[in-house]
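A.B. asks: Let me give you the structure first, and then I'll get to my questions.
Where a number appears in this text, it was derived from the coordinates with a stated rule and is not lab data. Just so it is clear, the structure is predicted and the values come from calculations on it, not from any experiment. Counting neighbours? That spans all protein chains shown, and the Cβs are built from the backbone with ideal geometry, glycine included.
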Amino acid sequence: MLARVRSAAVLGIDAYLVDVETDIANGLPTFATVGLPQGAVKEGRERVYAALANTGYTFPLKRITVNLAPADIRKDGSAFDLPIALGILAATEQISKQRLGSVAVLGELGLEGAIRPVRGALPVALAARLAGIEALILPRENLAEAGVVAGLRVLGATTLAEIADFLDGRSELTVAAVDVAINTSPSLGIRPRANTKMGFPAKSAVFASS
């Protein structure tokens with residue numbers, strides 16, 4: 001059973017897309033993460049296990065391999081918790097894979113299934129738009145930061161269960177909307193500064209589409 005979830009990692013002031021590939025096979029229960037994961041990424045398996053169990057999903061007692069591609073660049077931070085959890089759910093057919101192909105996902109998981117904010121939401125949103133991804137799903141606290149990027153649908157959630165319901169088509173997520181108002185920096189290619197709030201998709205945003 002195999003599933004792929006798009007995510008991203010921050011490298012310096014930029015971000016690059018990461019494919020989170022999850023394979024679940026018969027064998028002794030193990031959980032291995034490969035692709036140069038660093039401390040917080042490795043620790044994520046404990047958060048993922050607890051979050052799935054406490055949200056009412058089944059954690060498979062099988063051989064789980066998670067590959068973070070490209071595998072030759074080190075991965076830091078806790079933002080891979082959410083895509084790894086969704087990969088496990090998709091690989092075990094506990095959620096639908098249909099919507100996963102058009103979105104990128106990042107977020108730290110609490111043990112009870114809550115989604116906590118992560119760093120680098122703005123460069124990740126820019127990288128996702130450049131790659132032609134339709135939507136970015138991230139913690140609701142990061143909506144204001146990532147929502148200023150035009151040409152990308154930015155969705156926020158507070159729990160793992162909310163995202164699972166969205167992927168299964170049972171509900172929708174909060175969309176970042178932009179209320180244009182304040183400053184302008186034409187030399188930087190930035191439109192008037194915006195106050196980001198929850199609501200329907202905005203028609204204009206701070207960073208113009210390339």
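A.B. asks: Would you please state the base-10 log of I(q)/I(0) at q = 0.12 1/Å for the range 2-176, with intensities from the Debye formula using one equal scatterer on every alpha carbon?
C.D. replies: Log10 of I(q)/I(0), two decimals: -0.46.
A.B. asks: When ranked by the protection proxy of mean other Cβ atoms within 10 Å per residue, highest first, what sequence do the peptides 125-135, 78-88 form?
C.D. replies: Working: 125-135: 19.0, 78-88: 28.0.
The peptides rank, most packed first, as 78-88, 125-135.
A.B. asks: In sequence order, what are the phi-derived ³J(HN,Hα) couplings for the range 122-133 according to the Karplus relation 6.51 cos²θ - 1.76 cosθ + 1.60 with θ = phi - 60°, rounded to whole Hz, with x for glycine and proline?
C.D. replies: 5, x, 5, 4, 5, 5, 5, 5, 4, 7, x, 6
A.B. asks: Taking the mean number of other Cβ atoms within 10 Å as a proxy for protection, how do you rank 146-156, 24-34 from highest to lowest? Mind dumping the intermediate values first?
C.D. replies: On the way: 146-156: 23.5, 24-34: 12.9.
Most protected by this proxy first, the peptides run 146-156, 24-34.
A.B. asks: Put a dot 7 Å past each Cα toward the Cβ at A40 and E134; how far apart are the dots in nm?
C.D. replies: 3.0 nm
A.B. asks: Using r as the Cβ-Cβ distance of S102 and N26, and R0 as 35 Å, what FRET efficiency do you calculate, to the nearest 0.05?
C.D. replies: On the way: r = 31 Å, r/R0 = 0.88.
Efficiency computed from Cβ-Cβ geometry: 0.70.
A.B. asks: On to the next question. What does the charge count near R6 come to, summing +1 for each Lys or Arg and -1 for each Asp or Glu among other residues with Cβ under 11 Å from its Cβ? Please report the intermediate quantities before stating the final value.
C.D. replies: On the way: positive: R4; negative: D19, E21, E134.
Local net charge: -2.
A.B. asks: Using 15 Å as the cut-off for backbone N distance, which residues of the range 107-121 belong to the label zone defined by a point 7 Å from the Cα of S171 along Cα→Cβ?
C.D. replies: Answer for the range 107-121: 113-115.
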